Protein chains: 2
Amino acid sequence: MAEHRPHVVILGGGFAGLTCARALRGAPVRITLVDRSNHHLFQPLLYQVATASLSPAEIASPIRSILRRQSNVQVWLGEVEDVDVERRSVRLRDGALSYDYLVVATGATHAYFGHDEWAPHAPGLKTVDDALEIRRRFLLAFEAAEREADPAARRRLLTFVIVGGGPTGVELAGAMAEIARQVMPRDFRSIDTTTTRILLLEGGPRILGAYPPVLSEQARRQLERLGVEVRTGALVTGIEPVEVRIGEERIEAGNVFWAAGVAASPLGARLGAPLDRAGRVRVEADLSLPGRPEVFVAGDLAAVEEDGAPVPGVAPAAMQMGRHVARTIRRDLEGRAREPFRYFDKGNLATIGRAAAVAEIAGLRLSGLVAWLVWVFVHILYLIGFRNRLLVLIQWAWAYLTYQRGIRLITGQPELNLRRARPPEAEIAASG
Amino acid sequence: MAEHRPHVVILGGGFAGLTCARALRGAPVRITLVDRSNHHLFQPLLYQVATASLSPAEIASPIRSILRRQSNVQVWLGEVEDVDVERRSVRLRDGALSYDYLVVATGATHAYFGHDEWAPHAPGLKTVDDALEIRRRFLLAFEAAEREADPAARRRLLTFVIVGGGPTGVELAGAMAEIARQVMPRDFRSIDTTTTRILLLEGGPRILGAYPPVLSEQARRQLERLGVEVRTGALVTGIEPVEVRIGEERIEAGNVFWAAGVAASPLGARLGAPLDRAGRVRVEADLSLPGRPEVFVAGDLAAVEEDGAPVPGVAPAAMQMGRHVARTIRRDLEGRAREPFRYFDKGNLATIGRAAAVAEIAGLRLSGLVAWLVWVFVHILYLIGFRNRLLVLIQWAWAYLTYQRGIRLITGQPELNLRRARPPEAEIAASG
């Protein structure tokens, strides 16, 4: 059927890829969207899954459900291994696809600045599975502390370090502090969870470095009010199972979470185009590959500048790029000239626990409850297309009214041994 | 504090253990409840997690949250390795506990009738992780079929066998048929999911063998209306990656799920008491161990008879046993004589997809929509204590009204390769 229609292959079902596919609705093309996971993820709320405030299903939706009414799209679950731009074909781990147009929107993942050996001790937050792993470690630490007799070991278990003071680190630290200090105390008998130490380490001079300095300062104050120790200019030089090093200083911490670096998807390097320092692909003004007008890069993987400043790796930018690529393909098919991509900056938002946030929207700087309400509104708005919008609202209202965080499930532990959460030299707590 | 109070150690936070702990509220004892997972699971709805209709958090609740207002309970996350009834102590994988009273309520797990080699090809359904694994395989099969070019391989991928015609097998088969035939068709382009084959194999002469024959027959008819092939007298003799054998007959099936046998927790054999054929512990009339009045066995692990018939391994029975043990401990402490356990049979219920079920309550036999409404009512009732009761109701109402099953997330796939879901000889589908 309609084999003469150009075949558009979209790699990645994130904000850029999904928006591109949807913007091609009704266009005379056939689309294959490939993603390694079966769901589109509302990543801005992923930290709430990591802190057990939302269930995965509340922020993730199967891609093929989202696109089920769009008849020109086929969704493939598959892992892309390579792209051959000469032969116009994509190699999957278990198959292959040829294309007329290619949209590479495989995004970014977390990176350890050349210290991949830190990965097992400091998990990052990009996928649902990442979030469930962080949740598991966070909750298990309290379980182990409840059974720990040695005060020093207990202290260590109740110390959490978050590396990286961008929005993810800030939101993670705020949510963890809030849960430990306001929600958990009633649940435990032996430990006082209000003594939990949460450290947020930022290598640069301030947290939320991409935001105006005023908001960074307000975010810091709001975090400190929640009991988070914010340390700037703190460049991590080592991470071991129960220790973080900052130069000569050593911090004993049972758990370290990574929110510091992102690296572009390695697929970018397979396209034969120049990359920037972060591995992102330098594209033309219309987001196409230099010399390859049939290949586009969109979202976090694309290095795009607007008025001399880089377009940030945020969801609204990715959606705008996806939409632009779709528009360009339509113009091609109609024989009209291409137009350059223009980024429209909608502002910045970060939330810091219950009813506290910082925001910069259209030049307006907000903080505290007002910013938080804006944050809730914007996120509910963006969840459009998610069946679960209403459920998430109810969930939030419930958590807000009852001060409860109910979804504290630990899953995915084939072998349970709390000793693994403790340093090797620690004693076994025996109690009768 | 109150170290002279007797120490009651409860092993297992299922229906029996949790009910026992709650029934000891305010009693002059200190309780330690040990479970290998941090949550109590509403197991009767676990098949809905396996079929992606509910999220884990909607049927599981952290044990320590449930018990947080009961000050005489301490919850320990830990895996029990052994019990020494002589020394009155419990050995955990990473610690130890001594007791004055012990309540063993570690339940049952699925068993493969001495064919443990079937386990990797036919996962069972007892824990949240089991349910997520079944969901993953069920959903991945459709993803692989969507990309499969060879009709025979596609057919195989869309054939699911469920072994065991008890309530779990019946509910799983009904839910899977419904999803494949009524919910999924719109989502796929290459495959027709209404051609999905679901076989329910039962070794005995009828499904739901513990129910009255009339209900078995009605359940069979309701399943067949949903498109399930029900086969009784079908004793499975072999399970390979893509094949099930019944004697000489071979059925090609991409996925097999196990709902056939249960075996008592191996801890039962460590108590030094006689066991029945299923490995359950033969207890005294008061549920205590013969010659060990301070040790009780409750729930699925206890072999109890009522009027010559075994008490079934269902949630109401487990809760009644847990309550009885608590009452017995209280009577001991008050110097009153013990009483024998009496089982009150509340009836039987099994659901078969949307708005269809069979029920036997107080001698009354129901089927179809009426039975289904009873089923919904009873389950909502039992979810009492679960914060999520309201959310589950909303979720069900939503699914009922929209005919949608939204939570079709695949998680926990470290390496994606759909070829693994196919038999070794199958070709790689390459499409352009």
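The conditions of being at pLDDT below 95, outside any loop (DSSP other than H, G, I, E, B) and surrounded by fewer than 23 Cβ atoms within 10 Å (Cβ to Cβ) are not met by A:GLU229. For the stretch B:12-28, a residue qualifies if it is hydrophobic (A, V, I, L, M, F, W, C), in contact with a strand residue (DSSP E or B) (Cβ under 7 Å, 6 or more places away or on another chain) and either more than 17 Å from B:ASN72 (Cα to Cα) or away from every other protein chain (no Cβ under 14 Å) (or both), and the qualifying residues are B:LEU18, B:CYS20, B:LEU24.
The listed residues are A:LEU18, A:LEU54, A:LEU24, and the only one of them that is under 17 Å from the mean Cα position of the chain (by Cα), hydrophobic (A, V, I, L, M, F, W, C) and under 19 Å from A:VAL103 (Cβ atoms) turns out to be A:LEU18. The C-beta contact set for the stretch A:186-202 (first residue within 14 Å of chain B (Cβ to nearest Cβ), second residue part of a helix (DSSP H, G or I) and surrounded by fewer than 19 Cβ atoms within 10 Å (Cβ to Cβ), distance under 6 angstrom, 6+ apart or interchain) comprises A:THR193/A:PRO185.
Of all the residues in the stretch A:1-59, those that are part of a strand (DSSP E or B) and under 30 Å from A:ARG408 (Cβ atoms) number 4. The condition (being surrounded by 17 or more Cβ atoms within 10 Å (Cβ to Cβ) and among the acidic types (Asp, Glu)) is satisfied by just one residue among B:ASP192, B:ASP187: B:ASP187.
Taking the stretch B:54-94 only, how many residues are in contact with a Ser or Thr (Cβ under 7 Å, 6 or more places away or on another chain) and facing chain A (nearest Cβ under 7 Å)? The qualifying residues number 5. Checked against the criteria, B:GLU86 does not count as of a type in the set (D, E, K, R) and touching a residue at least 40 places away in the same chain (Cβ under 8 Å). When B:ARG36, B:ARG22 are checked against the criterion of being surrounded by fewer than 23 Cβ atoms within 10 Å (Cβ to Cβ) and either within 17 Å of B:ALA131 (Cβ to Cβ) or in contact with a helix residue (DSSP H, G or I) (Cβ under 6 Å, 6 or more places away or on another chain) (or both), a single residue qualifies: B:ARG36. The single condition among (1) assigned to a loop (DSSP other than H, G, I, E, B); (2) touching a Lys or Arg at 6+ places or on another chain (Cβ under 8 Å) that B:ILE239 does not meet is (1). Among the candidates B:THR159, B:THR195, B:THR168, the residue that is of a type in the set (S, T, N, Q) and under 20 Å from the mean Cα position of the chain (by Cα) is uniquely B:THR168. Out of (1) buried (at least 21 other Cβ atoms within 10 Å of the Cβ); (2) of a type outside the set (D, E, K, R); (3) touching a strand residue (DSSP E or B) at 6+ places or on another chain (Cβ under 9 Å), the odd one out for B:ALA152 is which? Every condition holds for B:ALA152 apart from (1).
Tell me, please, whether a residue that is part of a helix (DSSP H, G or I), in contact (Cβ under 8 Å) with a residue 12 or more places away in the chain and among the small types (Gly, Ala, Ser) can be found in the stretch B:177-185. Yes; the residues of the stretch B:177-185 include at least one that is part of a helix (DSSP H, G or I), in contact (Cβ under 8 Å) with a residue 12 or more places away in the chain and among the small types (Gly, Ala, Ser). Can you confirm whether A:ALA145 is within 14 Å of chain B (Cβ to nearest Cβ) and touching a residue at least 12 places away in the same chain (Cβ under 8 Å)? Taking the combined requirement at face value, the residue satisfies it.
In the stretch B:252-286, what residues are outside any loop (DSSP other than H, G, I, E, B) and either on the phi > 0 side of the Ramachandran plot or of a type in the set (Val, Ile, Thr) (or both)? Hits for the stretch B:252-286 are B:VAL256, B:VAL262, B:VAL281. Here A:TYR101, A:TYR47 are screened, and the one residue that is touching a Pro at 6+ places or on another chain (Cβ under 7 Å), surrounded by 23 or more Cβ atoms within 10 Å (Cβ to Cβ) and more than 8 Å from chain B (Cβ to nearest Cβ) is A:TYR101.
Name the residue that is nearest to A:LEU33 (Cα to Cα), counting only residues in the stretch A:325-340 that are free of Cβ contacts under 8 Å to residues at least 40 places away in the same chain and in a loop (DSSP other than H, G, I, E, B). Across the stretch A:325-340, the extreme among qualifying residues is A:GLU334.
Within the stretch A:111-127, not a single residue is without any contact (Cβ under 8 Å) to a residue 60 or more places away in the chain and either at the interface with chain B (Cβ under 10 Å from one of its Cβ atoms) or under 17 Å from A:HIS39 (Cα atoms) (or both). Filtered by the rule that a residue be at pLDDT 95 or above and in a strand (DSSP E or B), the stretch B:288-324 gives B:SER288, B:LEU289, B:ARG292, B:PRO293, B:GLU294, B:VAL295, B:PHE296, B:VAL297, B:ALA302, B:ALA303.
Of all residues in the stretch B:155-185 being touching a strand residue (DSSP E or B) at 6+ places or on another chain (Cβ under 7 Å) and among the β-branched types (Val, Ile, Thr), which is nearest to the other protein chains (Cβ to nearest Cβ)? Only one residue tops the list, namely B:THR159.
The values are calculated or read from the model by the stated rules, or taken from the named source; none is laboratory data. Everything numeric here is computed off the predicted structure, so don't read it as measured data. Here Cβ is always computed from backbone atoms with ideal geometry, including for glycine, and neighbour counts include all displayed protein chains.
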